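Novice: Okay, here's the structure, questions in a sec.
Nothing in this text is a laboratory measurement; each read-out follows from the coordinates by a stated rule. This structure is a prediction, so every number in the text was calculated from the model and none was measured. Using ideal geometry, Cβ is built from the backbone for each residue, glycine included, and neighbour counts are taken over all protein chains shown.
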Amino acid sequence: MAESILQVRGLVKHFPLTQGILFKKQVGAVQAVDGVDFDLYAGETLGIVGESGCGKSTVAKLLMNLERPTAGEIIFKGDDITKLSGRALKAVRRNIQMVFQDPYTSLNPRMTVGDIIGEPYEIHPEVAPKGERRKKVQDLLDVVGLNPEYINRYPHQFSGGQRQRIGIARGLALRPEIIVADEPVSALDVSVQAQVINLMERLQDEFSLSYMFIAHDLSIVRHISDRVGVMYLGKIVEIGDDAQIYEHPTHPYTQALLSAVPVPDPDAREHRERIVLSGDVPSPANPPSGCRFRTRCWKAQERCAFEIPLLAVPAVFRGLDSPAAHDSACHFAEEKPTVVPPEAPPVEPPHEPPPDKQP
Amino acid sequence: MTTTEVSAEGTARPSAPLLDVRDLHVEFRTRDGVARAVNGVSYTVKAAETLAVLGESGSGKSVTAQAIMGILDSPPGFVTKGEILFQGRDLLTMNAEERRKVRGAKMAMIFQDALSALNPVMSVGDQLAEMFIVHEGLSRKDSKAKAIELMDRVRIPAARERVGQYPHQFSGGMRQRIMIAMALALEPELIIADEPTTALDVTVQAQVMELLAELQREYSMGLILITHDLGVVADVADYIAVMYAGRIVETSPVHDIYRRPAHPYTKGLLASIPRLDQKGQELYAIKGLPPNLLHIPPGCAFNPRCPMAQAVCRTDEPPLYDVSPTRASACHFWKECLDG
Amino acid sequence: MPEPDNHRDEAIEPAGGTGASINLAQDEARSLERRPGGGQAPGGPAEKPRSLWSDAWRDLRRNSIFVISALVIIFLVVISLWPSLIASGNPLSCNLGNSQKGSTPGHPFGFDNQGCDVYTRVVYGARASVTVGVCATLGAAILGSVLGGLAGFFGGWGDAILSRVSDIFFGIPIVLGGLVFLSVITNTTVWPVVGFIVLLGWPQIGRIARGSVITARQNDYVQAARALGAGNSRLLLRHIAPNAVAPVIVVATIALGTYISLEATLSYLGVGLKPPTVSWGIDISQASSQIRNAPHMLLWPAGALSVTVLAFIMLGDAVRDALDPKLH
């Protein structure tokens, strides 16, 4: 396995809930992230999936040092970046960059594309001397598949997909090693999503990037990720490589999530068993005791209410040479046959008809 | 412009349609010019049938629905041509009063964003009850009882206790259930659901779609499901109409289109979505961008993005060719598309 | 940067292009260029880029209300700088013998109580109104947007204190405050009045500035700049201020009109400007007791005041419409 370049250990982020106008009193806390551990390996894509409110976006903000964690460490090249500030933090930022979800709010509408992509060089002037910046910005536009002549245009003159390319170019400007992408394609049209996904894959090879790819769309995450972590209410409940998670999930939440994904194959609807969860996700301000999924879990027993399941290879699979032997935070982890129904063979993309077929 | 009847009145769909949209044209007159949002759309929906209208943003799928419901923003939007026959009567020639009676009582709509579609300062019970007071003239007490019954029916737990709560006190999935309850209140014959589950999480999405499908069967309503999600369509639809640049490019029963699409746009879309059951190779990407509705390309609107495009596609707008008694495709090369 | 060539093998030869793009790029480029005017991507690369400000300016030029009010304001500014351009007399040279006389040749607006030429006084009165309006607005806008902006950006206890302080200022009835504060000042220049209006006017602008900075601060592009390592001054000046300034401009333009009428009100009450300063408010005050005998003495300065206030408020309205992104 490749070298681990980012280690996250015991990451916790609680947002205090306060009352009062001038003198604020803490009355509780939203436990957005509550004890998350994972490693990011060089050159891989780690996908994080989960429903809204599971804390996946907060993890992204913590990795980017846009929020300070309540507890825990994020170790990049031996340094805990959560403890850094000033010059040292600025230096680390060059290596970890972000692509945002909404291409309409992530670009400053008052700046030209050239200024937006060139801003990293203004903040880190040591990366590129002044005279070279324009050329570098044009190269970046070219790399992300935009016409370099558009350097003087404003963001509102572009479509959503093109804006997302501009955001990616900005993220690449400092040649980072890690890119954190928070729902980078969910705001785009279906036909444009594939363009951006392919671009991200090409750039990963070209610039040897490691990706943290955060999304709610399980199909896209499977497509782009080498490993996948599933989050629920501030915790990672299951993590493994894509085949382990998608073909041999052992956590009931992962199984329910996968079985609920609408599959683009009408025949699959007849021979699939859909696990429909009852109720809604509990509030992260007041999560259930023990296993946080127990209130919606069909396997929950008394033990789940008072014993927090740890993220580790479950005892039943320990030592087995099976894809089911991966980290899963469930007391009653077990495999479930065909969670993901097989789909029809892929449709061939349209192609140019041979000349003799033309009417 | 040539348009043929979308769902050919063939053997597969014998009964008279509940809704029959014929050659509908809608345009938006904006400062920058006339945006032709809907350019000759025809489709039919029968009782107890689900028609999925699939398309990207700007394809005209929502504008068509707004024109059917009579809630088009006008100006800038104008229906310039066409007929919308509902149970045989043209909605477009009705006066405002008649139309208002049809809306709500005979056809209802479910929106994507339930939070903004519900009145934030009125309790959900009052909003549901209002439907009965206004349309059926029930007393306040009876209508409240009906509201609770409806909330039970869409499986909102503890309906009796929650009837006095306000929309923000419900979760996204529960709010969408309230929207469904409001749409169902007067037992309409047709429901139009515009991206009803797009804003919801996957597990909640499954619950809501299941509820909607079940209620549709129970009341044998016609359902128009407007969505961009090929997965949701495959789950619930009977028929599909694929829209692009304000036109229907392909219609088909749901089972045929996923295996053998007859239009290169549908084909490209199906090839470009990642799969859940296997990792797959590099995604196929439809090149370019959807067209600007102010300047729709001449000929077939899809031709600049189509790998199959020939000279004829840049000059002649393709009519909807009959592919089979139940299928149609607006592509000059639908045979090649079907076989290749 | 890597060699930009290592992905070009995918490139299809663009028709007559620079050959510097992958196929996707070229397709998007073409579809962009295919859209003359309007839509998301107007014009080809040759067209001058349009910023939101230039879009707003293009809107304003077409707006007749804006054009009319701007012309009125330009006229007012010019005559307040060089009143002698259109009025040859001296507003302070009066002849009691002409007291309350009506219109005569060479004196179209007639004479006031002291026998001063009303036309000359109305022209010269513009200077006081425009000076007070512009200076008070500038002062209130600068103070309000700096304090409000910093409070909105940093939040915390500073914000809490500032909000409460501005609440206190909001609580002061402005005319009563003027009567109390200004009656003790004997200085006859415009500056005490300007200072007083700034003092009571900044919380309004500060509140707007604070709100729009808080809105702008939450945008992803501010997060993106922070993630790049941008410091607070860059965030504020480059990312937040340009996106938060529009509402402040709108409110300040409308406030300018109300400050002018406030000056007139204070002068009318005898606590604003004081003779020998020439002001519409003073003239209105002196004329009001004679309204039955000589209405012209009141109508001309009051009319000038109304037109001026209206012009600024309409200008503010037009600017708001042009800057409102929802209308685009």
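Novice: So what's the protein assembly as shown giving for Cα Rg divided by 2.2 N^0.38 Å, two decimals? Provide the component values of the computation, followed by the final result.
Specialist: Details: Rg = 33.6 Å, N = 1027, 2.2 N^0.38 = 30.7 Å.
Against the empirical 2.2 N^0.38 Å value, I get 1.10 for the protein assembly as shown.
Novice: Starting from the alpha-carbon convex hull of segment B:67-163, give the projected area averaged over all orientations, in nm².
Specialist: With the hull built on Cα positions only, its mean projection is 8.1 nm².
Novice: Using just the Cα positions, wrap segment A:22-89 in a convex hull and report its mean projected area in square nanometres, one decimal place.
Specialist: Across all orientations, segment A:22-89 yields a mean hull projection of 6.8 nm².
Novice: Order of A:Lys336, A:Lys13 from fewest to most other C-beta atoms within 10 Å?
Specialist: Ascending Cβ contact count within 10 Å gives the list A:Lys336, A:Lys13.
Novice: Calculate, in whole percent, how much of the Cα-Cα pair population of segment A:254-328 lies beyond 15 Å. List each step's numbers first, then the result.
Specialist: Working: 1893 of 2775 pairs.
Considering segment A:254-328, 68 percent of its Cα-Cα pairs are separated by more than 15 Å.
Novice: Further question: Could you please report the charge total around B:Thr203, scoring K, R as +1 and D, E as -1 over all other residues with beta-carbon less than 12 angstrom from its beta-carbon?
Specialist: Here the charged neighbours net out to -2.
Novice: Something else about it: Sorting check: for C:203-216, B:124-137, which peptide has the highest mean count of neighbouring beta carbons within 10 Å, and how do the rest follow?
Specialist: C:203-216, B:124-137
Novice: At 0.36 nm per residue, and after removing the present C-alpha to C-alpha distance, how many nm does the segment from B:Ala47 to B:Asp73 gain when stretched out fully?
Specialist: Separation in residues times 0.36 nm, less the Cα-Cα distance, equals 6.6 nm.
Novice: Oh, and also: What does the average come to when, for each residue of peptide A:190-203, you count the partner chain Cβ atoms lying within 10 Å of its Cβ?
Specialist: 6
Novice: Also: Hey, got the average number of other protein chain Cβ atoms within 10 angstrom for residues in B:333-340?
Specialist: If you average over the peptide's residues, the count of other-chain Cβ atoms is 4.
Novice: Further, regarding this structure: Kirkwood hydrodynamic radius, chain A, all distinct C-alpha pairs: what's the number in Å? Kindly include the intermediate steps, with their values, before the conclusion.
Specialist: On the way: mean 1/r = 0.0448 Å⁻¹.
Hydrodynamic radius (Kirkwood, Cα pairs) of chain A is 22.3 Å.
Novice: Taking the Cβ-Cβ separation of B:Val121 and A:Val27 as r and a Förster radius of 35 Å, what is the calculated FRET efficiency to the nearest 0.05?
Specialist: 0.85
Novice: Turning to a different aspect of this structure: Report for the protein assembly as shown the percent antiparallel among DSSP-assigned beta bridges with both residues inside it, nearest 5.
Specialist: For the protein assembly as shown, the DSSP antiparallel bridge percentage is about 65.
Novice: Let me ask something else. Work out, in µm²/s and without decimals, the Stokes-Einstein translational diffusion coefficient of segment C:52-327 at 25 °C, 0.890 mPa s, Rh from Kirkwood over C-alpha pairs.
Specialist: Translational D for this selection: 120 µm²/s.
Novice: For segment A:311-324, take each phi angle, set θ = phi - 60°, evaluate the Karplus expression 6.51 cos²θ - 1.76 cosθ + 1.60, and give the result in whole Hz per residue in order, putting x for glycine and proline.
Specialist: Listing the rounded values in order: 7, 7, 5, x, 3, 5, 9, 4, x, 7, 8, 9, x, 6 Hz.
Novice: Sticking with this structure for a sec: Send over the Kirkwood Rh of segment A:177-232, from the inverse of the averaged 1/r over different Cα pairs, rounded to one decimal Å.
Specialist: 11.8 Å
Novice: How long is segment A:60-206 along each principal axis, judged by its Cα atoms, biggest number first, in Å?
Specialist: Taking max minus min along each principal axis of the Cα atoms, segment A:60-206 gives 42, 39, 31 Å.
Novice: Given labels modelled 7 Å from the Cα in the Cβ direction, how far is it in nm from B:Thr80 to C:Arg164?
Specialist: 6.3 nm
Novice: Amide H of B:Thr80 versus every other amide H placed in the peptide plane: which residues, excluding those fewer than 5 positions away on the same chain, fall under 5 Å?
Specialist: B:His25, B:Val26, B:Glu27
Novice: Okay, next question. Can you work out the Karplus-derived ³J(HN,Hα) for every residue in segment B:280-291? Use 6.51 cos²θ - 1.76 cosθ + 1.60 with θ = phi - 60°, whole Hz, and x for glycine or proline.
Specialist: The phi angles translate into x, 9, 4, 6, 6, 10, 5, 6, x, 10, x, x Hz.
Novice: Under a crude label model (7 Å from the Cα following the beta-carbon direction), how far is C:Trp191 from B:Met94 in nanometres?
Specialist: 7.4 nm
Novice: With r as the distance between the Cβ atoms of A:Ser4 and A:Ile308 and R0 = 22 Å, compute the FRET efficiency 1/(1 + (r/R0)^6) and round to 0.05.
Specialist: Given R0 = 22 Å and the Cβ-Cβ separation, E is 0.30.
Novice: Which pairs break 24 Å Cα to Cα here: B:Lys46/B:Lys335; A:Lys77/B:Lys279; B:Lys106/B:Lys144; A:Lys336/B:Lys267; A:Lys61/A:Lys135; A:Lys61/A:Lys90? Intermediate results must be reported in sequence, preceding the final value.
Specialist: Details: B:Lys46/B:Lys335 28 Å; A:Lys77/B:Lys279 31 Å; B:Lys106/B:Lys144 21 Å; A:Lys336/B:Lys267 33 Å; A:Lys61/A:Lys135 31 Å; A:Lys61/A:Lys90 16 Å.
Over 24 Å Cα-Cα: B:Lys46/B:Lys335; A:Lys77/B:Lys279; A:Lys336/B:Lys267; A:Lys61/A:Lys135.
Novice: Okay, moving on. Where does the charge balance sit around B:Leu85 when Lys and Arg score +1, Asp and Glu -1, over other residues with C-beta under 10 Å from its C-beta?
Specialist: -1
Novice: When all C-alpha to C-alpha distances in segment B:15-71 are sorted into bins of 10 Å, what percent of pairs does each bin hold, rounded to whole numbers?
Specialist: In order of increasing distance, the bins hold 21, 51, 22, 6, 1 percent.
Novice: Long-range amide H contacts for A:Leu17: which residues qualify at under 5 Å (H placed 1.01 Å from N, peptide plane, sequence gap of 5 or more or a different chain)?
Specialist: A:Val27, A:Gly28, A:Ala29, A:Val30
Novice: If you average the sequence gap of Cα pairs under 8 Å that are 6 or more apart and divide by the length of segment A:23-96, what percent do you get for the contact order?
Specialist: Rounded, it is 20 percent for segment A:23-96.
Novice: What is the extension gain from C:Val67 to C:Leu269, computed as 0.36 nm multiplied by their sequence separation minus the C-alpha to C-alpha distance, in nm to one decimal?
Specialist: Net length gain for the segment: 69.3 nm.
Novice: What are the equivalent ellipsoid semi-axes of segment A:183-291, built from the alpha-carbon gyration tensor (square roots of five times its eigenvalues), in whole angstrom, biggest first?
Specialist: Rounded to whole Å, the semi-axes are 26, 19, 14.
Novice: Let me ask something else about it. Could you work out the mean projected area of the convex hull around the alpha carbons of segment B:141-300, in square nanometres to one decimal?
Specialist: Its Cα hull, projected and averaged over all orientations, spans 12.8 nm².
Novice: What is the packing order of peptides B:312-325, B:253-266, C:154-167, taking the mean over residues of other C-beta atoms within 10 Å and listing the highest first?
Specialist: So the peptides B:312-325, B:253-266, C:154-167, ranked by packing, come out B:253-266, B:312-325, C:154-167.
Novice: Partner chain Cβ atoms within 10 Å, averaged over the residues of B:166-177 - can you pull that number for me?
Specialist: Mean inter-chain Cβ contacts per residue within 10 Å come to 1.
Novice: Ok, one more. Could you work out how far apart the two model spin labels at C:Leu81 and C:Val307 are, taking each label as a point 7 Å from the Cα in the direction of the beta carbon, and quote it in nm?
Specialist: 2.0 nm
Novice: Same structure again: Read phi for every residue in segment B:136-145 and hand back ³J(HN,Hα) as whole Hz from Karplus 6.51 cos²θ - 1.76 cosθ + 1.60, θ = phi - 60°, with x for Gly and Pro.
Specialist: 10, x, 6, 6, 4, 5, 4, 5, 5, 4
Novice: Between C:Leu179 and C:Ser93, take the C-beta separation as r, use R0 = 30 Å, and let me know the FRET efficiency to the nearest 0.05.
Specialist: Details: r = 32 Å, r/R0 = 1.07.
Plugging the Cβ-Cβ distance into 1/(1 + (r/R0)^6) gives 0.40.
Novice: What's the long-distance tail for segment B:119-187, i.e. % of Cα pairs beyond 21 Å?
Specialist: Result: 13 percent of Cα pairs exceed 21 Å.
Novice: Another question about this same structure. I'd like the per residue volume of the convex hull spanned by the Cα atoms of chain B, given in cubic angstrom.
Specialist: 146 Å³
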